[in-house]
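Below you'll find the structure, written out as structure tokens, and then a few comments.
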Amino acid sequence: MSARSRYEVIVIGAGIVGSSVTMALAERGKRTLAIDVDLSGRLSSSEKNAGGVRATWWEAVNVTLCRASIRYYESIAREVGFRQKGYLWLYDAETWPKALAHIDLQRSLGHPIETLTAQQVHQHAPEIDRLDGIEGATFSPHDGLINPNLLKNNYRERARSKGAEFRDGVYIYAIDNRGDGVCLETWHADEPMTDAALMRMMTEDGPGEAEVGHLEKLEADAVVIAGGAWSRNVLRLLGLKDHSEPIRRQICVVDNRATNFDAYGMIVDTTGLYFHNEGSHILAGYSPPEPPGYHFNYDGEEFFLKEIWPRMYARMSCCERMRHVTGWAGLYEVSPDRSAIVGLAAPSVYEAHSFSGRGVMQSYGAGRALAGFIADGKYPAGLDASELARDRFETGRLVFEELHI
């Protein structure tokens, strides 16, 4: 029996957001296909992030989508490795008044959050013994850490159980948007691709001569662009402006035998350094200014010695002897206001991308919201994402998220 070529919705990109959208559409009875150049996600932001989940944001729509996601993660905590140990966020004299100004908003949206003095920070985490520069802190106990790969697989399994399909090795080289439906001209790989082949395909104009595959047309009533940092090519084919830029983010795995942070969730320093326990090691990240581009090179021990170790040792004397083990680099797709782009992009074309580092955190809520919008023409109660539509960049109604690391 040949594969179906006509669907109600085709989701382009099956990372964590695309898989969530596919699940939510399938649960609404929509015949849905999700396609991706690489379903395993070797270059996907879903597989290369720090695993943090928080509803501690300063924009209401970001709090709302994360709160909805966290409620789902709580219900499947064991299945997806959700460790609800909170976020401890340290602020300096400049940022502490801003944090305090948003506490009432966060609490009004159902997000529990506590304020701490510098001395209370030390009581909460005795390892933090150098308190210089800490004006105050927040602790949000419902936030935590998750395994993004397990979460993505949960979405896919639930989507398949409702009849959704996933196809691997699919590259789109032309799109005909007729207004009442969309036709995708696609190339399907016949053999597994190397990382180098994936990179060439996803950043240039097609697979080239070296890859073996076949051509196929796919049709749908509507499509969803959910390619994360790789959405640029699809937007170009549709003649839509790409407002966002791919930015490299590096994460270190370090060994520190002097202590163990397993009792805590994510800790964010006044400097923007963030870290949490990861098995027998510590996972730590920092985001210095970076030029945009599809850069995956990891700077290794040099990055650790320049950006990670000095900040950790300046805050905690127990980190004096910590050493670099390994690390990696992945991509944020950062929008101009550092909030996601979600909604109707053109007739028959929807989008959910540019999450600016919070795709995992908002994936469930954003998927439910967009699926409702596609199926019913309006967002579900309590999940209004209309502020995130792309026209905000033309009208000036930005959703600028300051609490961004």
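The values are calculated or read from the model by the stated rules, or taken from the named source; none is laboratory data. The model shown is predicted, which means the values in this text are computed figures rather than measured ones. Cβ coordinates were reconstructed from backbone atoms using ideal geometry, including for glycine residues, and neighbour counts include every protein chain displayed. Surface accessibility is based on the protein's heavy atoms, side chains included, excluding ligands, DNA and RNA. Shrake-Rupley method; radii C 1.70, N 1.55, O 1.52, S 1.80 Å.
Structure data summary
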item	result
Of residues in region 388-405 being hydrophobic (A, V, I, L, M, F, W, C) and open to solvent by 60 Å² or more (accessible area, probe 1.4 Å), the one nearest to CYS66 (Cα to Cα)	PHE400
Candidates SER2, SER20, filtered to the one that is in contact with a helix residue (DSSP H, G or I) (Cβ under 8 Å, 6 or more places away or on another chain) and either surrounded by fewer than 21 Cβ atoms within 10 Å (Cβ to Cβ) or modelled with pLDDT of 95 or more (or both)	SER20
Given (1) open to solvent by 10 Å² or more (accessible area, probe 1.4 Å); (2) over 21 Å from the mean Cα position of the chain (by Cα), index of the condition ALA99 fails	(1)
Unique match (being of a type in the set (S, T, N, Q), over 21 Å from ILE10 (Cα atoms) and in contact with an Asp or Glu (Cβ under 8 Å, 6 or more places away or on another chain)) among THR138, THR186	THR138
All positions within region 209-246 that are of a type in the set (A, V, I, L, M), under 23 Å from the mean Cα position of the chain (by Cα) and at pLDDT below 95	ALA229
Close pairs from region 384-403: first more than 16 Å from ARG338 (Cβ to Cβ), partner part of a helix (DSSP H, G or I) and not hydroxyl-bearing (Ser, Thr, Tyr), Cβ under 8 Å, at least 6 apart	ASP384/VAL61; ASP384/ALA369
Qualifying position, being in a helix (DSSP H, G or I), within 26 Å of GLY327 (Cα to Cα) and of a type outside the set (Val, Ile, Thr), among GLU79, GLU74	GLU79
Segments classed as strands (runs of 3 or more DSSP E), wholly inside region 104-208, with at least 1 members that are open to solvent by 10 Å² or more (accessible area, probe 1.4 Å), more than 30 Å from ALA77 (Cα to Cα) and modelled with pLDDT of 95 or more	170-177, 182-189
Of all residues in region 372-392 being touching a helix residue (DSSP H, G or I) at 6+ places or on another chain (Cβ under 6 Å) and not in a helix (DSSP H, G or I), the one that is farthest from MET23 (Cα to Cα)	ALA385
Qualifying positions in region 55-71 - within 15 Å of SER363 (Cβ to Cβ), among the hydroxyl-bearing types (Ser, Thr, Tyr) and either in contact with a strand residue (DSSP E or B) (Cβ under 8 Å, 6 or more places away or on another chain) or not in a helix (DSSP H, G or I) (or both)	SER69
